[in-house]
Each structure stands twice: as structure tokens, then as C-alpha cells.
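For reference, the structure discussed in these notes is given below.
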Amino acid sequence: MSRKAKVNFDQAFDRLMLQEGGYVNNPADPGGETKWGISKRSYPDLNIRELTRDQAKEIYLRDFWQHINGEALFDGVAYQAFDFAVNSGIQTAIRALQRAVGVADDGNWGPVSAEAAASTSESDAIMRLNAERLDFMTRLRAWSSFSRGWARRIASNLRYEAQDS
């Protein structure tokens, strides 16, 4: 069973922009130079400083939302997985979502993963995904520098869960 997400890409992107902002180049950030959440580390050939919001939106649709199959996931799960993918990488988010829905975390979102996601309650998937996310983040070297912001981001996302499920 698959369900089209009420949280469509445009809504997810607008939410994401409340977390991701303008240009930063924090030496403690492993992504390096970043704007709208798009990092130089991930897009080395992109002029990050000149990146527009619309260009970032195109990148997020093509390289993130479509890879997590956002339109087919339950409402709240779609946004949670999208935000996780942006914050920590697509493969990391997909593997965590696979663990959250109880399938092998091979990083390939196929029919087995999709069926498991559809048969897991939305709230259970969101809670498990955020547990996986927190567990992952606490193991990062950058946790000591960014933990407060990351924890607040996840807390904000959990508030969305109440709206979306």
C-alpha cells in the first residue's frame, strides 16, 4: 500500500528553508562552505556563494526528494526523511529509514523497503527514524560543535509529526 504524501515537495522545501539559511563558512562544519544547506563538499563545482534559493530548490528536488521517493512515503515520514537526507546525506537517511521500518539497510530504496514503509504506522516510522538520526548524530565528531542546533532541529521536526500524522 502506498500513499501520496500530503506534505508535497514544495511544503517540505519551505519547511527545510526554516532550518537552512544563507551563506555560512564555518570551519567546524565538515560540509565547509554552505548556502541554503547545499555544501561545497557535496557540490564542489558549484559556486556556493552565488547559489540562489531557486537553484537550491532544483537540487533538492532532483538529488534528495526524488531519491527518497518522497511523494510515495507517508505524510510525516516524507519530510523527516528529506530533512535527514539534507542534514546527513541521502544514503545515511535511506539506511536509517530502512532500519526504522525493519528491513535490511542496504541503501537501496526498492519495493521491499517501500512495502515495509507502507505497512509501518506513520508515527512509529517517524519515531524510529528520529531515534536512528539522534543515535547517528551523537557518534559524529562534529556533535560537540553542532549538537544544540541539531537537537533543536529534530525537536522541531517532531512537532511537525503531530501535524502530519
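Table for the structure above
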{"quantity": "From 141, 148, 133, 152, residue being of a type outside the set (A, V, I, L, M, F, W, C), within 27 Å of residue 27 (Cα to Cα) and not in a helix (DSSP H, G or I)", "calculated": "141"}
{"quantity": "Those residues of segment 5-23 which are farther than 19 Å from residue 157 by Cβ and open to solvent by 50 Å² or more (accessible area, probe 1.4 Å), in sequence order", "calculated": "23"}
{"quantity": "Matching residues in segment 141-165 - criterion: being aliphatic (A, V, I, L, M), free of Cβ contacts under 8 Å to residues at least 24 places away in the same chain and surrounded by 11 or more Cβ atoms within 10 Å (Cβ to Cβ)", "calculated": "151"}
{"quantity": "Any hit, segment 92-114, residues being of a type in the set (D, E, K, R) and open to solvent by less than 50 Å² (accessible area, probe 1.4 Å)", "calculated": "no"}
{"quantity": "Pair list, Cβ under 7 Å, 6 or more apart: segment 11-29 residue among the aromatic types (Phe, Trp, Tyr), other residue at pLDDT 95 or above", "calculated": "13/57; 13/60; 23/35; 23/49"}
{"quantity": "One residue from 108, 130 being touching a residue at least 24 places away in the same chain (Cβ under 8 Å) and under 29 Å from residue 32 (Cα atoms)", "calculated": "130"}
{"quantity": "Candidates 82, 74 - the one that is farther than 30 Å from residue 28 by Cα and crowded, with 20+ Cβ neighbours inside 10 Å", "calculated": "74"}
{"quantity": "Some residue of segment 58-69 being of a type in the set (S, T, N, Q), surrounded by 22 or more Cβ atoms within 10 Å (Cβ to Cβ) and touching a residue at least 12 places away in the same chain (Cβ under 8 Å)", "calculated": "no"}
{"quantity": "Condition broken by residue 10, with the remaining ones in (1) more than 14 Å from the chain's Cα centre (by Cα); (2) in a loop (DSSP other than H, G, I, E, B) satisfied", "calculated": "(2)"}
{"quantity": "Residues that are aliphatic (A, V, I, L, M) and not in a helix (DSSP H, G or I), drawn from segment 81-129", "calculated": "101, 103, 104"}
{"quantity": "Which numbered condition residue 92 fails, given (1) over 29 Å from residue 144 (Cβ atoms); (2) in contact with a helix residue (DSSP H, G or I) (Cβ under 7 Å, 6 or more places away or on another chain)", "calculated": "(1)"}
{"quantity": "Options 47, 26: the member that is farther than 20 Å from residue 157 by Cα, more than 11 Å from the chain's Cα centre (by Cα), modelled with pLDDT of 95 or more and not in a strand (DSSP E or B)", "calculated": "47"}
{"quantity": "Qualifying residue in segment 69-79 (condition: acidic (Asp, Glu) and within 17 Å of residue 18 (Cα to Cα))", "calculated": "no"}
{"quantity": "Residues located in segment 115-133, provided they are more than 14 Å from the chain's Cα centre (by Cα) and exposed (fewer than 15 other Cβ atoms within 10 Å of the Cβ)", "calculated": "115, 119, 121, 124"}
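The values are calculated or read from the model by the stated rules, or taken from the named source; none is laboratory data. Just so it is clear, the structure is predicted and the values come from calculations on it, not from any experiment. Neighbour counts are summed over all protein chains in view; Cβ atoms, including those assigned to glycine, are modelled from backbone coordinates with ideal geometry. Calculation scope for accessible area: heavy atoms of the full protein, side chains included, ligands and nucleic acids excluded. Shrake-Rupley method; radii C 1.70, N 1.55, O 1.52, S 1.80 Å.
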